[in-house]
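So the structure is just underneath, and the comments pick up after that.
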Ligand SMILES: Cc1ncc(C[n+]2csc(CCOP(=O)(O)OP(=O)(O)O)c2C)c(N)n1
Ligand SMILES: Cc1ncc(C[n+]2csc(CCOP(=O)(O)OP(=O)(O)O)c2C)c(N)n1
Ligand SMILES: [Mg+2]
Ligand SMILES: [Mg+2]
């Protein structure tokens, strides 16, 4: 592992290193995310979901590839665009749907919603609606790991936009200084709302700037599940061995608007169509897996069907669930006596 | 001008490029700063100065070398260690002494003190007691220059410690994005209070981290007036030409404690004595100038004497001046009607 | 007179100020939108559409899209304000004070005083507030009290389109750092707004209703609920002074005190959490300065002491509602002194 | 019983808590001092000397010096608190809230609620407050109100060494984010402090004096000026209830209300700027809930509405002084209801 700028790696897609079982797990995760996002988009249009939705569609390979390497007791922290991270980390999908619909049984009792989706049982420390809010917190999770002598790692997911926030930079420096098992995973989907990363990120790229902080940094094609997995394998291992933090910049497409309902006037002509055709990580993974005989189309179709009906089920359950009791307004403001 | 890490330059001391007149001006500035700091240290011990003092002794060549290249309408912003910057920028020394002694006629009417010393007539936008407070503000001054079409530059002085603050990083990125005439001048005196830069700055150095942000960055020996001047000449020119921001990391010794009265238990044995002997920028400049016949010892002695008596004068005047009127408490809370 | 929305009124004020004074600039995230993208520029004109059309008219040197970097945005505005410009910075949500608050309360607010009157900081920070959008705990807060408490800042919270335009024009020509709080819920409300430039002075309350039984003071959007309640009460023959301070700093104490001196009863309504909020502030001023006139306890109607919950039923319970206001008013009226 | 200073009392609490519970860690700037240097470690033990001796005893993995990076310090503490540690983070001066406030009020304060009770955030943020050191506008502020207003936070402001130790031990074992406000002026004051571990509960006010003519509530250091005034008044036969809430959140409303119900008169003293401060908050609670007992206006004695000036004479004029307190008390006592 090198910290020389020249060696920021962009591993080539190759299925080697991933077992069939792992692949199927990742594929299932990716499909679950995609279907989940499509379903809540539909339910949002129907008026069944309050508030704001930022969908992860197009970025699935990143969460799925990384989380293959994590256990329940590793930590991730997320952003406003958090559904994919939560699902990949093993979050309770039914509880997520209920949460997003503001229902009883929601993972956050209906108090969080999409922008605060979290599953603490699975080490998912929450979506965070403050851009740059997460990295300092994951540094703390990584500090716990180090202080308590576990080999856990902490991953802060962030967007290209979040890479410019002061809190993110501080977190990176502190993680280097304390040599913590923290991974800063920037999903560069090209946009922070309607501002392009090429405008807002003043440096050559996110990875080289991170490298300047004194940690290894890599770029990876985030549409390529296998490439993500291969890189993350090294990176997670590096962290577990106590060698300090690492940054990953994964390039991904954003299939949807910044938020559901975004008119996206800032997009180029035909851009989204092209992205969906050429950069769909699910299609890319499926093709590569079938070609390399890691799985056959039938198996994958079966997963697709199974998940479609699973998502339908959790949706029906969430639609049917009651809203939180009105008397819950003042519960859980404090953890202890007040 | 290159942004390749390998080419961070450390120009060698050489008197070429500096005229006699310029040298004498810089020498006079350096001597004024040194004497000023020595005098207020003495007055502080006598109980004549309230509050906290952070002295600039040992770092004089940086402020003096840079400010030779600035006009009154260029901007600098400073830190808690601001006396040297204010003097070098042409600030009213008598007004400074009165301010630091909390007297009428002080540059800030006695409301600021050492940590907020400022001279707006000279483009000195103030010492700032929040570490990292200045850089975002200087970005605004540089933005004014660009928007109003002047060729002014803005310089944010900062310490090694301040280089780790999120606000500093944000300012650097924004200056790059907007291509502003801003100079981030980090005076690396080895310490942020009692924490060493080698501990707190996680990266290889401050300059390379800044470079990762996408701007040229240089290291310079800050005890060498001529080296500072030579580098700053290029850098200021670069900014005036609209080529965007630059970072300079100047290594300097800190002769005094973090604050006056600091027991400095964290210092190595004999460290300060060694620094004062080997890294005194005034001695170094004097020797080089005399050797290269830029000035003779007599001329310099005369300056020394003149300044010693000047500093005595402003001290006497400040001691004699009355405190601000008690009725000034509520003046200038607002600039306009309230 | 033409009818305009609150959004349009602020937009018009910005247009007119920029046209009149070339030192006025606008900066922030997505203030035009589309920077660096292949599609159209001015794609958003601010996520709330308030700065729409400024970029095409005034260009990139005066309408400046920034990265996500609030400390640098506010700091840059403060630095620009000290050096010849009149920046209007946008903070997308008031909830984001936390990532730039030093530049607001320790820097911009203090320059003038701390530097002995030699620095000026003529800048405006536009920010949005208000619950009800199901936007959760970090995008719904009204933190007007957090800036009102800071000496050196001025704080403006218009409740209608007319005031919004006039207060914005005043804010831009003011020589201090002004926090301009736009209630999201009000953007689509409208009223008559002159085309010409005009200013509404700071520190002058507006009487929405005049009456004699009770004084109600409300800040931001809750004012409209107060008006609904006041109108219902009027049908019963109960009349209220309904006062909108319009600026919380400076605060028109006099208007409030005068009214309470007459009515002897006060209810204060805001959408902040209850501790150390505007309702507390105004209540305490009256309890000190108009005590002799008071004939009943001063009631505060505020949001609940909790983060803003996401679920609509919980959020609605969190927000002070007409029923809460009416109940408070009746309690105060029924109090036998 | 041994006499200890406020500084020693807090130091002892930290020592004992760390000895007892290995999940307690301390982090911040200079909490030991000397990191990376050639000289001695634990060179400062905190710039105020409060964390002195912890590093030698508990080592670098539990006493963590950081760069100057407040957002990362508080964020890291919050993240560590969620994942098994009990961090005590130091913010050298309360004035620095501005560079880390998001992590305090949007993150640590909200985790438990926002995540439906599934996250816990057992952390303490130690910070210093208090004017009088001639430290100027950015190193002298009391911003206790800024955190008291935030639901989810608890706020502690001890006024003597005994309380400081007991409240610190309570803070560390509390499962919420506690802001522990240390008044710099009090570090060298001392009183009897047991060697054993003990806790002082949150939300229980302390009566410094008991009397019947007037209630005085004071927060932090001003309490000691209040006591001097109360003792002078007692010599004249005027007796006061002097109440120290000790924690501003939770606030012991009951103690205050009960007292006012008896005395009918209230003066509230703090060292904050006057708008939306603790004095406003407490005054407004009483004006709402004990109105019927009030026989005089509620007087607030606070700092001035300005940044903290540097010049000693101006700073002394800014700070609420005994004379101001006494004048307020006399005015309230003389008020003919
Ligand atoms: C501190 C802060 N500033 C601004 C916003 C508004 N905002 C929400 S998401 C977003 C863009 C984030 O971009 P990026 O980090 O690239 O994430 P992406 O949306 O692409 O996943 C912005 C500006 C916010 N939520 N928090
Ligand atoms: C935001 C903030 N954090 C901490 C401090 C306390 N403090 C004042 S100066 C200083 C050290 C600064 O180090 P450096 O930037 O290297 O400047 P130097 O003192 O060496 O000139 C610290 C930690 C502060 N004033 N502001
Ligand atoms: Mg993005
Ligand atoms: Mg330093």
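Read the figures in this text as sums done on the coordinates, not as results from a lab. The shown structure was predicted, so the numbers you read here are calculated from the model rather than taken from an experiment. Counting neighbours? That spans all protein chains shown, and the Cβs are built from the backbone with ideal geometry, glycine included.
Before moving on, here are some points about what is shown:
- Inter-centroid distance (Cα atoms) of segment A:263-322 relative to segment B:86-100, Å: 67
- Sorted from nearest, the other copies put their residue C:254 label points 4.5 nm away, the label point being 7 Å from Cα in the direction of Cβ.
- Ranked list, fewest to most other Cβ atoms within 10 Å of each Cβ, for B:204, B:111, C:289: B:204, C:289, B:111
- Segment C:178-249, relative contact order in percent, only Cα pairs under 8 angstrom and at least six apart counted: 41
- Placing dummy labels 7 Å off each Cα toward the beta-carbon, the span from residue D:295 to residue A:198 is 7.9 nm.
- Within the protein assembly as shown, percent of DSSP bridges classed antiparallel, to nearest 5: 15
- For chain A, a Gaussian network of Cα nodes joined below 10 Å ranks A:47, A:65, A:214 by mean-square fluctuation, and the top entry is A:47.
- Helix D:322-334 vs. chain D, principal-axis angle (Cα, 0 to 90°, nearest 10): 40
- Anisotropy class of the protein assembly as shown from Cα gyration tensor, a/c 1.5 cut: rounded
- Taking every C-alpha pair closer than 8 Å and separated by at least 6 residues, the mean separation divided by the residue count of segment B:12-170 gives a relative contact order of 21 percent.
- Normalised by the number of residues in chain A, the mean separation of alpha-carbon contacts (under 8 Å, six or more apart) gives a relative contact order of 24 percent.
- Distance between the 7 Å Cα→Cβ label points at residue B:331 and residue B:309: 3.5 nm.
- Take every DSSP beta bridge whose two residues both sit in segment D:3-192; close to 10 percent of them are antiparallel.
- Inter-copy spacing of residue A:21 label points, which lie 7 Å from Cα along Cα→Cβ, given in nm from shortest upward: 8.3
- Measuring between their Cα centroids, segment A:23-46 and segment B:184-207 lie 47 Å from each other.
- 18 Å reach of a label modelled at residue C:40, 7 Å along Cα-to-Cβ, counting backbone N of segment A:186-204: A:194-196
- Residue by residue along B:104-110, Cβ atoms of other protein chains within 10 Å of the local Cβ number 5 on average.
- Prolate/oblate/rounded label for chain C (Cα gyration tensor, a/c 1.5): prolate
- Shape of segment B:271-336, Cα gyration tensor, a/c cut at 1.5: prolate
- Cα-based helix-to-principal-axis angle, D:70-82 vs chain D, degrees rounded to 10: 80
- Dimensionless Rg/Rh of chain A - Kirkwood Rh, Rg from C-alpha atoms: 0.95
- Those residues of segment C:83-123 whose amide nitrogen sits under 15 Å from the label point placed on residue B:73, 7 Å along Cα→Cβ: C:83-85
- As a proxy for reagent exposure, D:38, B:119 were ordered by neighbouring Cβ count within 10 angstrom, fewest first; the result is D:38, B:119.
- Folded to 0 to 90 degrees: helix C:6-20 orientation relative to chain C principal axis, Cα: 40
- Ranked B:29, A:168, criterion: other C-beta atoms within 10 Å, fewest first: B:29, A:168
- Placing a label point 7 Å from Cα along the Cα-to-Cβ direction at residue C:209 gives distances to the equivalent points in the other copies of 4.7 nm, listed shortest first.
- For A:209-218, mean number of other protein chain Cβ atoms within 10 Å: 5
- Calculated SAXS-style log₁₀ I(q)/I(0) at q = 0.12, 0.13, 0.16 Å⁻¹ - segment D:206-334, Debye, Cα scatterers: -0.40, -0.47, -0.71
- Partner chain coverage, peptide B:267-279 - average Cβ within 10 angstrom: 1
- Among beta bridges from DSSP that stay inside chain C, the antiparallel ones total about 20%.
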